[in-house]
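The values are calculated or read from the model by the stated rules, or taken from the named source; none is laboratory data. Just so we're clear, the structure is a prediction, and the values are computed from it rather than from any experiment. Here the Cβ positions follow ideal geometry from the backbone for every residue, glycine too, while neighbour counts run over all protein chains shown.
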Amino acid sequence: MSTRVGARADAEVGAAASEAMTDAAGTTTRRLLVCGGAAGPLYLTVGLAQALTREGFDMRRHALSVLSNGDLGWIQIVNFLVAGVLVIAGAVGVRRRLQPGRGGTWGPILLGLYGIGLIGSGLFVADPAPGFPPATPPPESMTQSGLLHFVSGAVAFYALIAAGLVLARRFLDEGERGWAGYSLATSIGFFAAFAAVASGSTSSAVLIAFYLAVTWIWIWHASVSVKLMP
């Protein structure tokens, strides 16, 4: 009799310990996804505040990246770095939620590459643009830092586009057609906007469209992070 009671007590203790570990894992995953969800709102808020207040900056002419120049350039540099770290943390959370299953490997890897690209964009400062910073002429040709910034941004954006496609397939397999369509439309729309601005176009309409696309894909990124929270 005492043996049975002891075995039952051990089983109850084991079950309680397993439940506690599950709860702890869920809490960690949620915190990681909160980091991922916070990246976009933080990045956009800090970027917009600078765009509206820094002398000489014009959203119709200048990409957000050039804010890394000038006396206050450190603000945008930190913005890139913090956003990158938060995105990587969120990617770990996505991995914990999606594995095992379709997209459980490549989705988080691509999101992590996006975060790494953001960090690279902060470490390598974009070249000054005509008119910004004021009284600072742009270089005659792209500098090494400017080139590495462009490459980092390209890696980040293409990784994020691919992540959207991977997650669209995952959502489709789970029967969530709304989320699949949202992810697919986001990836296609952002690719079109990025391709237009990367072509070298100086059109104000193209640049404003790119700003809207960046906002759109950050909203998608935050929305997916919230959706996946346990």
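Report, by residue number, each residue of segment 174-198 that is surrounded by fewer than 17 Cβ atoms within 10 Å (Cβ to Cβ) and among the small types (Gly, Ala, Ser).
Just the residues of segment 174-198 that are surrounded by fewer than 17 Cβ atoms within 10 Å (Cβ to Cβ), to begin with: 174-178, 181, 185, 188, 192, 195, 198.
Result: Gly175, Gly178, Gly181, Ala185, Ala192, Ala195, Ala198.
With respect to being more than 19 Å from Ala213 (Cα to Cα) and loosely packed, with under 15 Cβ neighbours inside 10 Å, Asp71 fits the description. Determine which member of the set Arg61, Arg102, Arg97 is closer than 15 Å to Val224 by Cα and among the basic types (Lys, Arg). After applying the criteria, what remains is Arg97.
Close contacts from segment 162-178, counting a first residue that is closer than 18 Å to Pro108 by Cβ and a second that is modelled with pLDDT under 95, with Cβ to Cβ under 6 Å and a gap of 6+ residues or different chains, come to Val166/Gly103; Leu167/Gly103; Arg170/Arg102; Arg170/Gly103; Asp173/Arg102. In the set Val151, Val166, Val197, Val155, only one residue is modelled with pLDDT under 95 and assigned to a helix (DSSP H, G or I); that residue is Val197. Regarding segment 98-121, can at least one residue be identified that is under 13 Å from the mean Cα position of the chain (by Cα), crowded, with 23+ Cβ neighbours inside 10 Å, part of a helix (DSSP H, G or I) and without any contact (Cβ under 8 Å) to a residue 24 or more places away in the chain? Checked against the condition, which is being under 13 Å from the mean Cα position of the chain (by Cα), crowded, with 23+ Cβ neighbours inside 10 Å, part of a helix (DSSP H, G or I) and without any contact (Cβ under 8 Å) to a residue 24 or more places away in the chain, segment 98-121 yields at least one hit. Quick one: is Arg170 surrounded by 19 or more Cβ atoms within 10 Å (Cβ to Cβ) and charged (D, E, K, R)? Here the answer is yes, as Arg170 does meet what is asked. Within segment 46-59, no residue that is of a type in the set (S, T, N, Q) and part of a helix (DSSP H, G or I) sits with its Cβ atom under 8 Å from a residue that is at pLDDT below 95 and surrounded by fewer than 14 Cβ atoms within 10 Å (Cβ to Cβ) at 6+ positions apart or across chains.
Residues to consider are Val87, Val155; find the one that is out of contact with any Lys or Arg (no Cβ under 8 Å at 6 or more places or on another chain), within 18 Å of Ala222 (Cα to Cα) and not aromatic (Phe, Trp, Tyr).
Values: Val155 fails: within 18 Å of Ala222 (Cα to Cα).
On inspection, the qualifying residue turns out to be Val87.
Quick one: is Ala129 among the small types (Gly, Ala, Ser), closer than 24 Å to Gln50 by Cα and without any contact (Cβ under 8 Å) to a residue 12 or more places away in the chain? Quick ask: steps written out before the conclusion?
On the way: among the small types (Gly, Ala, Ser): yes; closer than 24 Å to Gln50 by Cα: yes; without any contact (Cβ under 8 Å) to a residue 12 or more places away in the chain: no.
Against the criterion (among the small types (Gly, Ala, Ser), closer than 24 Å to Gln50 by Cα and without any contact (Cβ under 8 Å) to a residue 12 or more places away in the chain), Ala129 does not qualify.
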